[in-house]
Amino acid sequence: MADALVFGQPNSVAARLADGLSDVLRVPVRYCPGPDEVGKPGVALCTKVTAFSAGASILVFADDVLLDAHAADADRIVALETLAEAVALGRYVAIVPDKHAAKRWLAALIETPPAERGPLRRLYIVGEAGTGKTTLAEALGETLGLPVSHLDNLFTSDPEAGHSNWREQAAELTVPQKWIIEGSYWRAAGVLVPAADATIYMDLPADVVRQRRVGGSTAPAVRPKHRALGAVRLKTQPLFESRLLRHELLAHAAERPILRVRNEAELEAVKRGLLRGAAAATGSDTTDPS
């Protein structure tokens, strides 16, 4: 197996990432057009997703190509499934969404060379209200045997506590060795992304999210006196907080892998990869929670 695999679409930042990783590892870069070339040493710059394997100890994905979020892109689906499986296996995974994140990631490599991180124990699920975070968290928590915490509970239990207190409470949730934490509170991202082994970012199109909200929320029950406040928050978030959340996640993209899910096909791919990797890591018969 190659020392590292880098996958990205033509004319993406993948070549820059491969060159930087080559300098850190002190191995050559070579183009890897297919799976037959994966076994050779060096940094393999994969030009086809079929060469991208979860068995490599280091996987880097240049996720900088703009695609229609509604459409199912076959290469991206396969890449996300492979990355999710590698995360569950404890491989080193980096997902780099743009050239600015690439610059930060390459700078961080100089200080801390990539190394395997151990099997998945801490997962952060984030996105707008109505994207299905709670449903996903509960399903994965049950199947993977990880306790689930909801950030909404912090807000609804004490809505006037203030942002600093909510961040402190979010940090307290990360103290246990194993957890899934889900929520839409964007200020918590700076605390939770670095603490998690991986993040699933539910970045569904706005029209899809609005349609889901019509059917009601699956979030944890709230006390009646905070229902109105929660309703206001639900309406204002798409206009304001979703942009802040995206900005916050981009700022931390170089620290831990952020699996950005844009449609149902990508979500199913991430679930399949996580469950397959977890089953391989534990020797269990983990099945799909859906």
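The values are calculated or read from the model by the stated rules, or taken from the named source; none is laboratory data. Bear in mind the structure is a predicted one, so any value in this text is a computation, not a measurement. No Cβ is skipped: glycine too gets one built from the backbone with ideal geometry, and neighbour counts run over all protein chains shown.
Output yes when any residue across the range 80-90 is outside any helix (DSSP H, G or I), in contact with an Asp or Glu (Cβ under 6 Å, 6 or more places away or on another chain) and surrounded by fewer than 23 Cβ atoms within 10 Å (Cβ to Cβ), and no when none is.
Narrowing the range 80-90 to residues outside any helix (DSSP H, G or I): 90.
After this cut, where a residue has to be in contact with an Asp or Glu (Cβ under 6 Å, 6 or more places away or on another chain) as well, the list is 90.
Right, trim to surrounded by fewer than 23 Cβ atoms within 10 Å (Cβ to Cβ) and you get 90.
Yes, there is a match, as at least one residue in the range 80-90 is outside any helix (DSSP H, G or I), in contact with an Asp or Glu (Cβ under 6 Å, 6 or more places away or on another chain) and surrounded by fewer than 23 Cβ atoms within 10 Å (Cβ to Cβ).
Hey, could you check the range 93-121 for residues that are more than 19 Å from Gly8 (Cβ to Cβ) and of a type in the set (Asp, Glu) and say which is surrounded by the most Cβ atoms within 10 Å (Cβ to Cβ)?
Looking at residues that are more than 19 Å from Gly8 (Cβ to Cβ) and of a type in the set (Asp, Glu), I get Glu116.
Would a scan of the range 29-45 turn up a residue that is of a type in the set (Val, Ile, Thr) and at pLDDT below 90?
Taking every residue of the range 29-45 in turn, at least one turns out to be of a type in the set (Val, Ile, Thr) and at pLDDT below 90.
Before we move on, is Ala54 of a type outside the set (Phe, Trp, Tyr), in contact with a Ser or Thr (Cβ under 7 Å, 6 or more places away or on another chain), more than 14 Å from Pro10 (Cβ to Cβ) and surrounded by 18 or more Cβ atoms within 10 Å (Cβ to Cβ)?
Against the criterion (of a type outside the set (Phe, Trp, Tyr), in contact with a Ser or Thr (Cβ under 7 Å, 6 or more places away or on another chain), more than 14 Å from Pro10 (Cβ to Cβ) and surrounded by 18 or more Cβ atoms within 10 Å (Cβ to Cβ)), Ala54 qualifies.
Are there any pairs, at least 6 apart or on different chains, whose C-beta atoms fall under 9 Å, with the first in the range 109-125 and over 28 Å from Leu136 (Cβ atoms) and the second modelled with pLDDT of 90 or more and in a loop (DSSP other than H, G, I, E, B), and if so, which?
Cβ pairs passing all conditions: Ala115/Ser57.
When you look at Phe7, is it in contact (Cβ under 8 Å) with a residue 60 or more places away in the chain, within 23 Å of Val261 (Cα to Cα), hydrophobic (A, V, I, L, M, F, W, C) and buried (at least 18 other Cβ atoms within 10 Å of the Cβ), yes or no?
It is true that Phe7 is in contact (Cβ under 8 Å) with a residue 60 or more places away in the chain, within 23 Å of Val261 (Cα to Cα), hydrophobic (A, V, I, L, M, F, W, C) and buried (at least 18 other Cβ atoms within 10 Å of the Cβ).
Return a yes/no flag: does the range 183-194 have any residue that is more than 23 Å from Ile95 (Cβ to Cβ), buried (at least 18 other Cβ atoms within 10 Å of the Cβ) and at pLDDT 90 or above.
No, the range 183-194 contains no residue that is more than 23 Å from Ile95 (Cβ to Cβ), buried (at least 18 other Cβ atoms within 10 Å of the Cβ) and at pLDDT 90 or above.
Are any residues in the range 261-290 out of contact with any Leu (no Cβ under 8 Å at 6 or more places or on another chain), at pLDDT 85 or above and charged (D, E, K, R), and if so, which ones?
Glu264, Glu268, Arg272, Arg276
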